[in-house]
1. Let a ≥ b ≥ c be the square roots of the eigenvalues of the Cα gyration tensor of chain A; is it rounded (a/c under 1.5), or, if not, prolate (a/b larger than b/c) or oblate?
2. Can you give me the solvent accessible area of B:Leu297 with a 1.4 Å probe, rounded to the nearest 10 Å²?
3. Any idea of B:Thr190's accessible area? Nearest 10 Å², probe 1.4 Å.
4. Determine which residues of region B:188-204 fall in the zone a paramagnetic label at B:Arg117 would reach in this model, i.e. backbone nitrogen under 15 Å from the point 7 Å along Cα→Cβ.
5. Using 1/(1 + (r/R0)^6) with R0 = 60 angstrom and r between the beta carbons of A:Ala40 and A:Val171, what's the FRET efficiency to the nearest 0.05?
6. I'm a student and want to see the number: the projected area of the Cα convex hull of region B:93-271, averaged over all directions, in nm².
7. With +1 assigned to the C-beta of every Lys and Arg and -1 to the C-beta of every Asp and Glu, and no other charges, what is the dipole magnitude of region A:74-195 about the Cα centre in debye, to the nearest 20?
8. Rounded to the nearest Å, what's the spacing between the alpha carbon centres of region B:175-231 and region A:18-57? Just the number, please.
Amino acid sequence: MKPRPNYLAGFGSLIWLFVVGLPLYVMLIATFQSRTDYAANGPLAFPERFTLDNYVNDLDDGFAQYFLNTAIVTVCVVGIVLLLVPPLAYAIVRSDGKATGRVFRLFLLGLAIPSQAVIVPMFYLINEAGLYDNLLGVILPTAAFAMPVCALILSGVMRDITPELYEAMTVDGATPWRIFLQLVLPLSKSGLSTIVVFSSLQAWNGFLFPLVLTQSSENKVITMGLYDFQTEHGVDIPGLLAAVVLSMLPILLVYLFARRALVQGLMGVGGK
Amino acid sequence: MTTAAVPTVDSTEKSVRHGRSHRPATGVGRPGFAWAAPAAVFFGLFALVPLLLVVVLSFTRWNGLGSPEFAGLDNWSRLLDDPVMVKSLWLSLVFTVLGAVVQTPISILLGVWAAGRQRNRAVLSAVYFVPLLLSITAVSVLWRAVLDPNFGVPSQAKWLFGDGNLFGTQVGAIGVLVLVGTWQFTPLHTLIYQGAARAVPGVLYEAARIDGAGRVRQFFHITLPQLRNSIVTSMILMVVGGLTTFDTVLILTQGGPGTDTTNSAYYMYQKAFKSFDFGGASAIALLLVLVATLVSLVMVRLTGYDRMRSTMEGV
């Protein structure tokens, strides 16, 4: 028995499409016209003359440097996460000691710590370590705050590996190292790609740590560039929105290719 | 996340089996604590140590230069006497409650709708997801431009927005902040409900249909009760998120007009990095963590969430 289509729900979802789509539409069409055209035509009108000047100006205005800095931060954060989280998740799933269980509970506690709660002591620590206004000072806390979610996701995936496989290898005398490299890592590929997508998203979009821990323009990341741009040239709306589009392009590309990994990761966190 | 690579493992197993007849002792072949240690040390250093340090700093006087001096309960007593602090706590509460009230019905309805399996739903859900990908900075800058009183949508739709500047009144500014939060975070909560709605056993609906229950009855009598766990998960995320709303306030309203949108998270930032009162800021930070934890615990207890087995799986 097939239920009949639910027109009311369909209608509601179209309204939401409008809510989601309208700002994105305003943003896109604004970026392709000059400031004067935008002011004259209003935010909703389709532009008559297309131009890419806004994008070119932004890139000349320092956004190329911010892009590079953000890319450096993102690559390093993903590197740290990939180096530290898989062994952690493996230990959480397979270790029989009590200590690892405690460590896992600490990471779960970490899920609930908002980054604002630690920003003042972080400022103190990073200053003491001589890392203020240094990209490394942004990378380290960003990686630490990406770890709890990644540990949760990856240990969930590793738990799905059947115990028989571990036992078969153990009976054959394989060391934990060997089991890790030959069994656990190959079978956790989906989880590994999820944590890569997840941590790079957090690093790329990070705001509070760069805001508080960097200062000079050569160490600015793209979110800081956007924030400064708005305070300095707030009236140049097409230029500002072009910068917003630039900042999100890489993410939308990743989303196109890694949608599954990302959605599954989020569902795994909230949906269980 | 299914694992279907069993054959390859079988073949390695055969090649490894060469004259090892002794059984390994228990614990052999299992990773020890050393495997967890690097991650634990790193995380401890950059997340747990600061959390402990915020407690210490809340009892000190520190202006960002030099070293913090012990100040006893001074920061705390100043907080209690500070009218802006009291107002900011109230505003944090308002943001949290409004956010939850607006987002929860929308995301439940969208999530249940998206749990169906037609192709157009999959495509639309993919579009709906986009706001969640963007940085809060990008989202705030985007909305500030869209709602700009001179060049944005309000200048074209006076019938809806009137002549006034949305950012110039408390109600308008709070409305904008709630709207932007809803725009960005509804997808996350939708996803939570979507996953849960898919897990509702189909037999329940079949039985209800045989009993002649309509769509609305099915929603209220089957879907909603089955989503109970997810509602708690989603609410806790909303409470923690709502109490700590900061980036949007900084970019969209700077806490204004006056201090009309200065919530506690923003007030903490101002105290620390504008007034260089790091001790007072630490006290606010600690207060926020305590309130958020307390609210989460109360919600978990009240709803019996912690007694439900399914939520504990994988934890």
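The values are calculated or read from the model by the stated rules, or taken from the named source; none is laboratory data. Just so it is clear, the model here is predicted, and its values are computed rather than measured. Cβ: placed from backbone, ideal geometry, glycine included. Neighbour counts: every protein chain shown. Surface accessibility is based on the protein's heavy atoms, side chains included, excluding ligands, DNA and RNA. Shrake-Rupley method; radii C 1.70, N 1.55, O 1.52, S 1.80 Å.
1. Since a/c reaches 1.5 but b/c is at least a/b, the shape of chain A is classed as oblate.
2. Number for this one is 110 Å².
3. Accessible surface of B:Thr190 is approximately 20 Å².
4. Within reach of a label on B:Arg117, which here means backbone N under 15 Å from a point 7 Å along Cα→Cβ, region B:188-204 contributes B:195, B:197-203.
5. Efficiency computed from Cβ-Cβ geometry: 0.20.
6. Averaged projected hull area, Cα only: 12.0 nm².
7. Working: 7 positive and 7 negative charges, 31 e Å.
That gives a dipole near 140 debye.
8. 37 Å
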